[in-house]
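Quick notes on the structure that follows.
Bear in mind that the values in this text are calculations on the coordinates, not laboratory data. A quick note: this is a predicted structure, and the numbers were derived from the prediction, not measured. Cβ atoms come from the backbone with ideal geometry, glycine included; neighbour counts cover every protein chain shown.
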Amino acid sequence: MKYAIKKIITMLFTLLLISFLVFLAFNVIPGDPATAKLGTQATPEKVEALRHQMGLDRPFFVRYFEWLGGAVTFQFGTSYSYNMSVIQLIGSKLPVTLMLAFLSFIMMTVIAIPVGIYAAKHEGSKIDRFITVVNQGIMAIPPFFSGILITLLFGLILRFFKPGGYVGFDKSFWGCLYYLLFPAFAIALPKAAMTIKLLRSSLLSEAKKDYVRTAYSRGNSTTAVLYNHVLKNSMISVTTFLAMTLTDMIAGSVIMEQVFSVPGIGRILITSISGRDYPVVMAIILLLAFLVILVNLISDIVCHILDPRIRQEV
Amino acid sequence: MANTNMGKTITAKAQNKKAFGLKLKIFKDKKTNFYVGLGITAFFLLITIVGYFWTPYNPNAMDVDAKYSAMSFTHLFGCDNFGRDIFSRVVSGLGTTFFVGLGTVLIGGLVGIIIGAICGYFGGLVDEIGMRIMDALYAFPSLLLALVFVSLLGSGKYQVIIALGIAFIPSFSRIVRAEYMRCRDLDYVKSARLFGASHFRVIFVHILPNITPVLVSSAIIGFNNAVLAEAGLSFLGIGVQPPDASLGEMLSSAQSFLFSTPWYALCPGIVMIIMILGVSLMAEGVE
């Protein structure tokens, strides 16, 4: 409990630091939002008036704390290019991205853990070698290219889904879920390959330790040793890795949303970056940073619960 | 105490990530892996250098009659929706890819070495502060970091190099730091100090050459990751900008013609996979 509180306080400080850095970075870059909004032809008086109206003529720290205060209550201001509040813009897209990341995470775990355990259990067999080779191949494919290949195979040749035909959440929940299965698969596949590799080698290195021999000598079967002893011990490194994968998946969904034209956070982020719509970019970056830190926090706490050795050191 | 613990978890993460970077092992023998990888990479490098001076067609020239034409001897990889020769575009795209990859490794590597060396060699408070910042950066997926820097710097070839270079500093600096921590108490470092060598000299003249193998291997892996990241950014339309050809940008425009002209997407994609495979094999062999 004490550990969790300490971690949460560290997390809040990190977030505060990130929010400051983000605000600072987007305020020192050249280019004035007021000029950008009015065009280069605008008179200096007009630009000055708009700057005043947008609150850009006030001191840096005043603006930072105002922005931070807004961020805490999810008020990130108004988007420059959409003329709607940032939270409205993001709020409707966030569930899509989170669902995509969640789906791919589930898919990855469902594929990777049984296959990894199987490969380790049958080390050196033909199937194990086949899994290793396929794994290596999958890891060399750039993620967006695997997305394109999946669109080509499942969308255009097998016609399981209509590329670009995303159905909204509100229209049909199952239709939406079905469409998201394909981008989720594209995100999950390379990550599953990495997890299989890690789980296999982690299981095998655990299996060489003394306690395994002891467990065998007490008359345990291979299955019992594997599930009760080895798996438990190798889960710690796998958990840390899974947490990293989840954060990678949130980033990966930015690309997959583009490939499968899913209207999520990633698409908004890309259009806002190209359109220099800074309030939206800042809000999304802060949001993603929050998600990344949250996932790392949860994984640290889970490791702490899983492994009594880490618990004692604190 | 909580801090040391956090440090440990993060180190464990780093090891995972390092061990699971793009490294492939197809052949059992390390030497074979290396030579096959070197062969593939050298082949692509040669094509890129030749492509710098001569390509079968002008990569940007449009031929209306050749629109959507399939793979043939006149157009090796076929033509795209504007009638541009895909092979010539792939070759000039490879040039951009190599340039961005090398630039990224150079920036990320140089700054990473300096930060890692100072943190690892001196330790103490400098190390604590430097590594805390690097750890915080390291927790973020590098694509996300690159996106942040691209949104700050704008898009284009040089901006992408700077953005990716900065995004790659943390991973380089942690590897270098670990090596310096290992080396700083070794006998040859102590005797160099006894002979009156300055810290600067010990760091760059005595220790640096000794950690070259690690540096080379991580530079190769970094190059691969940079190639992938550049392709990703260009695919999203915020990386390398036209008229510069880039494999990622080609894949992104090929998407709309996936059904009618599948080779438009497949050719650049497969070229990229083979190149990554080659570089990965080389990385495996170098160790």
Candidates B:Ser88, B:Ser92, filtered to the one that is free of Cβ contacts under 8 Å to residues at least 60 places away in the same chain and closer than 24 Å to B:Gln255 by Cβ:
B:Ser88
Can you tell me which condition A:Pro163 does not meet? The list is (1) more than 10 Å from every other protein chain (Cβ to nearest Cβ); (2) not in a helix (DSSP H, G or I), and all the others hold.
(1)
Do you know which residues across the range A:259-314 are part of a loop (DSSP other than H, G, I, E, B) and not acidic (Asp, Glu)?
A:Phe260, A:Ser261, A:Val262, A:Pro263, A:Gly264, A:Gly275, A:Arg276, A:Val314
Please pick out the residue among A:Ser146, A:Ser202 that is in a helix (DSSP H, G or I) and surrounded by 22 or more Cβ atoms within 10 Å (Cβ to Cβ).
A:Ser202
In the range A:149-181, which residues are buried (at least 22 other Cβ atoms within 10 Å of the Cβ) and touching a Pro at 6+ places or on another chain (Cβ under 9 Å)?
A:Thr151
Every listed condition ((1) touching a residue at least 40 places away in the same chain (Cβ under 8 Å); (2) in a helix (DSSP H, G or I); (3) within 14 Å of chain B (Cβ to nearest Cβ); (4) of a type outside the set (Val, Ile, Thr)) holds for A:Met107 save (3)
Any residue at all in the range B:200-212 that is in a helix (DSSP H, G or I), within 26 Å of B:Thr41 (Cα to Cα), within 14 Å of chain A (Cβ to nearest Cβ) and free of Cβ contacts under 8 Å to residues at least 60 places away in the same chain?
no
Please state which one of B:Phe235, B:Phe223 is aromatic (Phe, Trp, Tyr), within 27 Å of B:Thr41 (Cβ to Cβ) and free of Cβ contacts under 8 Å to residues at least 40 places away in the same chain.
B:Phe235
Can you confirm whether A:Ser234 is within 13 Å of another protein chain (Cβ to nearest Cβ) and surrounded by 18 or more Cβ atoms within 10 Å (Cβ to Cβ)?
yes
Within the range B:131-186, of all residues that are in a helix (DSSP H, G or I) and aromatic (Phe, Trp, Tyr), the one nearest to B:Ile118 (Cα to Cα) is B:Tyr180
